[in-house]
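Asks: Got a structure here, written out as structure tokens. Questions coming.
Quick note: the coordinates plus some simple rules give every number you see, no bench work behind them. Just so it is clear, the model here is predicted, and its values are computed rather than measured.
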């Protein structure tokens, strides 16, 4: 409740107190790729509303945590909750700023124009994976870890891994699909929708769906209120439509 009250207060301040050019500041946001589409649309709106400047850096959540622990400067971090909580425990992120921003389910990406796979049931989903020529995923990403756990649970891990193309980054996964090197990719829906030359083939069936959660926090070293204002702006009910349009949900 305290977190909700703080966000509401920040939103009220944003609405009532215009920021002059003299007071404009710059904040640095380190964000997981899973919520990139949302941040890329809302950050310019925040800049227009407040006159502040937002510099964004996108990467896998684990890679960003490593950068932060190595001294990478930042004002806001948007990561998966376990990683964010570890940074909170280490005093790197202010505990009072922890805010769950959105979550996103996993989907199958295919090359644009190709036949959509059958994911109408868990059995159909298994047949689709087993029938694929090659399946690619980001092995170090939250979606890749969740996918491996899913196929282990389904008992098809050995068969799928035998023809898998693990990738180091989401961009590599995208390239595997658009080039035809793989016919299926596993990624968060929010990472599939913006890819040119590819499309969402279908979402994981509900019984095997896994959600990747994105949580934001403010650096313990952040000065002033701008970083917190940015997180509050992401959480504004007025921006929930943007979150949904990118394949995510509150």
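Asks: Return one number: the angle in degrees, 0 to 90 and rounded to the nearest 10, between the long axis of the Cα atoms of helix 2-16 and the longest principal axis of the Cα atoms of the chain.
Replies: 60
Asks: Sticking with this one: Write down Rg/Rh for the chain, rounded to two decimals, with Rg from the C-alpha atoms and Rh from the Kirkwood relation over Cα pairs.
Replies: On the way: Rg = 19.2 Å, Rh = 19.0 Å.
Ratio value, two decimals: 1.01.
Asks: Let me make sure I get this right: for region 57-108, a, b and c are the square roots of the gyration tensor eigenvalues over alpha carbons, sorted descending. Under 1.5 in a/c it's rounded, otherwise prolate if a/b > b/c, else oblate. Which is it?
Replies: Oblate.
Asks: If you average 1/r across every pair of different Cα atoms in region 104-208 and take the reciprocal, what Kirkwood value do you get, in Å? Walk me through the intermediate numbers first.
Replies: On the way: mean 1/r = 0.0759 Å⁻¹.
About 13.2 Å for region 104-208.
Asks: Using alpha-carbon pairs under 8 Å, 6+ residues apart, how would you state the relative contact order of region 104-208 in percent? Walk me through the numbers before you get to the answer.
Replies: On the way: 186 pairs, mean separation 51.4, N = 105.
With pairs under 8 Å counted, the relative contact order is 49 percent.
Asks: Under the 0.36 nm per residue contour assumption, what length would be gained going from the current alpha-carbon distance of residue 152 and residue 94 to full extension? Don't jump to the answer; show the numbers that get you there.
Replies: Values: separation 58, 0.36 × 58 = 20.88 nm, distance 3.66 nm.
Contour length minus Cα-Cα distance gives 17.2 nm.
Asks: Using the C-alpha atoms of region 17-139, what convex hull volume per residue, in cubic angstrom, is computed? Before the final figure, lay out the partial values.
Replies: Working: hull volume 20.7 nm³, N = 123.
Per residue, the Cα convex hull of region 17-139 comes to 168 Å³.
Asks: Suppose only helical runs count, i.e. DSSP H with n ≥ 4. What mean residue ellipticity at 222 nm does that imply for the chain under -39500 (n - 2.57) per run, divided by all residues and rounded to the nearest 500 deg cm²/dmol? Walk me through the numbers before you get to the answer.
Replies: Details: 11 runs with 104 residues, N = 250.
After summing the helix terms and dividing by the residues of the chain, the value is -12000 deg cm²/dmol.
Asks: Hey, another quick one. When the chain is treated as a GNM, springs tying every alpha-carbon pair under 10 Å, which of 232, 37, 162 comes out with the largest mean-square fluctuation?
Replies: Judging by the Gaussian network model, the answer is 162.
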